[in-house]
Amino acid sequence: MTSDQHATSAEHASSSCENASPVDASKLGLFRQSLWWLKLVQVRFRFFVIVLTSATLVSQWTKVQSLWDRWIWNTTSMAAVSSVSGAHEFFCPMDPGVLSVWPAICPICNMDLVPRRRMEAQILPEGVVARMQLTPYRIQLAGIRTTVVESKDLQYRMSFTGILKNFPPQEDDKSIIGFDAFPSGSDIELFHESRSATVSLHGVANRETRGTVCSNMTVVGDGWQRMSVRIVLDDPVAFPAGSAVTATILVMAGEVLASDQSSPLLDSEHRIVCVPESAIVDRGSEKLVYVESMPGMFDGVAVKVGRRMGAYYPVLSGLQLGQRVASSGAFLIDAETRLNPSLAAGYFGANPSVITATSATSPIASVRKIAKKVDVPNLSDEDQKIVAQQKICPVTELLLDSMGGPIPVMLGDRKVFICCAGCELKLRNEPEKYLAKIPKGE
């Protein structure tokens, strides 16, 4: 641009300023002043605005999440589930605590979530008579604690109290001092001569001696009779006659269960599988143990146990080694199933009165999920033939590809396919039971 052009532009600008009215000039000044104040607020207060916005978002996160879920539900393509109304929900049959309001995949077993009507009763697994799901807050509030079912070397303890007295000497002319004990009817068979006992003196600490069961006899009274055993001291001068003593006899659990004609569950080292005494809920007609099938969900399982041995019961049936049971607060879970029957009534088998004309087995149309499953390892031609013949999982009796399978498991020389990794433990613990579900011709 030449000097003449610059001069011309300056003349035009000066003439335009001279021609501008005082009102336009004041408006221009006000606009610039407002713009200056807005920039000042932006610089000075932007940190406070960010903090306030973040605090509002955190405090209203539940509403925001609800709005987001509603928006996702309305905007996501639901052509695959057009037949499912808002009165339905999706759950995992293997892990019933996993629920969703739209189609998804179970994060635990990789199974397609199955649609069901809300509050519709579901069939409980075999052996489960009650089910209760609790929130972490309620679990902490009730003080519920779980313990792993394990195996131990148990002993049965019997204690008898009596007053020492002198008995007539035997053929060897040795003096005999002891007392007669009266065991219960179930303990009679555990007594035999030469069984040892520990005899302690009342009121005196660390005063013990050894004793022996020397004979069994029947005491007859007026219209009654009762078995008694005589426990004598190995050392006749250890305690004087007239002393109050307690005799303790320990018997191995295997001998006790054999006398009861009971067959306990054993581990690989032939130790007895046992459950804590505090985990047993005695309902009179049956004994229940609440097994934690998944975090927060407890299944009431009917179990058979032997005699109590210390703080444990030997397990005869109903439990498996490694399961987690509610050892503290089990009676609170059981009380919850009784005080709130509507919660437990969501499952067929939890309460006989729940079974009505409504069919829990009427299937809703199977819905494929929007999410993508984990890839299944490639199978050889021989494995594919086995899968085609087997068709179903022997544990869940569902299709082998329904939960991310088929997954091969070797049982000796036989290869069996299951639907998910969660079925492997049950299959290995009871192979005969589940292999029987596979037809011999397949």
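The values are calculated or read from the model by the stated rules, or taken from the named source; none is laboratory data. The structure displayed is predicted, hence computed values, not measured ones. Because the Cβ atoms are built from the backbone with ideal geometry, glycine has one as well, and the counts that use them run over all protein chains shown.
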Filter result for the condition that a residue is under 25 Å from the mean Cα position of the chain (by Cα) and surrounded by 14 or more Cβ atoms within 10 Å (Cβ to Cβ), over Val251, Val301: Val301
Selected residue (criterion: surrounded by the most Cβ atoms within 10 Å (Cβ to Cβ)) from residues of the stretch 103-121 that are at pLDDT below 75, assigned to a loop (DSSP other than H, G, I, E, B) and not small (Gly, Ala, Ser): Met111
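Being within 30 Å of Arg117 (Cβ to Cβ) and either modelled with pLDDT of 90 or more or not polar (S, T, N, Q) (or both), is that true of even one residue in the stretch 302-323? Please lay out each step first, then the result.
Keep residues of the stretch 302-323 that are within 30 Å of Arg117 (Cβ to Cβ), which gives 302.
Keeping just the survivors that are either modelled with pLDDT of 90 or more or not polar (S, T, N, Q) (or both) gives 302.
Yes - at least one qualifying residue is present in the stretch 302-323.
So which residues in the stretch 272-296 are of a type in the set (Lys, Arg) and either modelled with pLDDT of 90 or more or surrounded by 17 or more Cβ atoms within 10 Å (Cβ to Cβ) (or both), if there are any at all?
Applying the first criterion (of a type in the set (Lys, Arg)) to the stretch 272-296 yields 283, 287.
Within the stretch 272-296, just Lys287 meets the criteria.
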Residues satisfying the stated conditions in the stretch 160-183, i.e. under 49 Å from the mean Cα position of the chain (by Cα) and outside any strand (DSSP E or B): Phe182, Pro183
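Hey, can you tell me all the residues within the stretch 406-439 that are in a helix (DSSP H, G or I) and of a type in the set (A, V, I, L, M, F, W, C)?
Listed by number, the residues that qualify are Ala421, Cys423, Leu425, Leu427, Leu435.
Quick one: which of Lys152, Lys165 is touching a Cys at 6+ places or on another chain (Cβ under 7 Å), surrounded by 12 or more Cβ atoms within 10 Å (Cβ to Cβ), at pLDDT 80 or above and more than 18 Å from Glu292 (Cβ to Cβ)?
Details: Lys165 fails: touching a Cys at 6+ places or on another chain (Cβ under 7 Å).
Going through Lys152, Lys165 in turn, the sole match is Lys152.
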Residue, surrounded by the fewest Cβ atoms within 10 Å (Cβ to Cβ), within the stretch 184-198, restricted to residues that are hydrophobic (A, V, I, L, M, F, W, C) and assigned to a helix (DSSP H, G or I): Ile188
Unique match (being part of a helix (DSSP H, G or I), at pLDDT below 70 and out of contact with any helix residue (DSSP H, G or I) (no Cβ under 6 Å at 6 or more places or on another chain)) among Ser66, Ser85, Ser9: Ser9
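If you take just the strands (runs of 3 or more DSSP E) that sit entirely in the stretch 267-331, which of them hold at least 3 residues that are small (Gly, Ala, Ser)? Working first, answer last.
Details: elements: 272-276, 287-294, 297-305, 312-317, 324-328.
Counting at least 3 such residues, we get 324-328.
Taking the residues in the stretch 122-147 that are aliphatic (A, V, I, L, M) and touching a strand residue (DSSP E or B) at 6+ places or on another chain (Cβ under 6 Å) as candidates, determine which candidate is modelled with the lowest pLDDT. Break it down into steps so the answer makes sense when it comes.
We begin by selecting, within the stretch 122-147, every residue aliphatic (A, V, I, L, M); these are 123-124, 128-130, 132, 134, 139, 141-142, 144.
The next check asks that each one be touching a strand residue (DSSP E or B) at 6+ places or on another chain (Cβ under 6 Å); those that pass are 123-124, 128-130, 132, 144.
On the way: Ile123: 66, Leu124: 69, Val128: 82, Val129: 81, Ala130: 80, Met132: 82, Ile144: 91.
Within the stretch 122-147, the match that is modelled with the lowest pLDDT is Ile123.
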Members of the stretch 188-213 that are modelled with pLDDT under 80 and either of a type in the set (D, E, K, R) or touching a Gly at 6+ places or on another chain (Cβ under 8 Å) (or both): Glu189, Glu193
